[in-house]
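First the structure, in the form of structure tokens, and then the observations on it.
The values are calculated or read from the model by the stated rules, or taken from the named source; none is laboratory data. None of these values were measured; they are calculated from a predicted model. No Cβ is skipped: glycine too gets one built from the backbone with ideal geometry, and neighbour counts run over all protein chains shown.
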Amino acid sequence: MEKSVKSPTLSSTSTAEDRADYIVARLEQFIRDGRKDEQGMSFDKWKQMARSEIAIAVAEAELSQQHDELHSKRVLFVAATSMITIGFWGTVTSMDKLDYLIGAVICGLAGILLMLAVGEWRLRSWSERRAAKKRREILGRIESLNRRIKRLEKELEAEADDYEEMLKKVTKRRSALSLGDRGRS
């Protein structure tokens, strides 16, 4: 049942609670998928899977940290380059060493490049926050589904017990009736 539910991935905007919830959901999925009949999963196998999931979550957190640093350095580099370009060509233009139109175009292009870099950075940040919100909603639905599955399992177990009791009663009545029929013949 549980295999059809795909766990979401984590990104740089995932909080520690999101990561913990994700790991707990994955471990619960391991336990549910790994059990056979009424047995369960061996502790060693569970421990190995838990270690693997925690290692993956930590590696993803480190990778997203490096990814954020890369974007921050890119924006810083573009900002510095744009400011130097604007400053240099603005100074050249103000000293009448260059036509105003050419200086304005060069400074304008540097400013546009700076706005694009900062805009891409903000858009990426917004997109990651939106994705994190969506992941939290998915995790909430997974938890709700897990609770419903647990409740249904309990109900099915109770229903199976009721059917077993009814089957025992029917078997006793049949044996009593068959004994009664034999005594009459």
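Things worth noting here:
- Flag for ALA110 being surrounded by 13 or more Cβ atoms within 10 Å (Cβ to Cβ) and under 37 Å from the mean Cα position of the chain (by Cα): no
- The one condition in (1) closer than 29 Å to ASP18 by Cα; (2) in contact with a helix residue (DSSP H, G or I) (Cβ under 7 Å, 6 or more places away or on another chain); (3) surrounded by 15 or more Cβ atoms within 10 Å (Cβ to Cβ) that GLU60 fails to fulfil: (2)
- Residue in region 31-51 that is among the small types (Gly, Ala, Ser), in contact with a Phe, Trp or Tyr (Cβ under 8 Å, 6 or more places away or on another chain) and at pLDDT below 65 present: yes
- Some residue of region 97-117 being out of contact with any strand residue (DSSP E or B) (no Cβ under 7 Å at 6 or more places or on another chain) and within 30 Å of ARG19 (Cα to Cα): yes
- Residues satisfying the stated conditions in region 97-130, i.e. hydrophobic (A, V, I, L, M, F, W, C) and farther than 25 Å from LEU76 by Cα: LEU98, LEU101, ILE102
- Filter pass, LEU179 being in a helix (DSSP H, G or I), more than 30 Å from the chain's Cα centre (by Cα) and at pLDDT 90 or above: no
- Meets criteria (within 27 Å of ALA80 (Cβ to Cβ) and assigned to a helix (DSSP H, G or I)) for LEU145: no
- Qualifying position, being at pLDDT below 70 and either touching a strand residue (DSSP E or B) at 6+ places or on another chain (Cβ under 7 Å) or β-branched (Val, Ile, Thr) (or both), among THR81, THR85, THR13, THR91: THR13
- Any pair with Cβ under 9 angstrom, 6 or more apart, that starts in region 134-148 at a residue that is closer than 14 Å to VAL24 by Cβ and ends at one that is buried (at least 16 other Cβ atoms within 10 Å of the Cβ) and among the basic types (Lys, Arg): ASN146/ARG32
- Residue match in region 91-103 (condition: in a helix (DSSP H, G or I), in contact with a Leu (Cβ under 8 Å, 6 or more places away or on another chain) and over 26 Å from ASP68 (Cβ atoms)): yes
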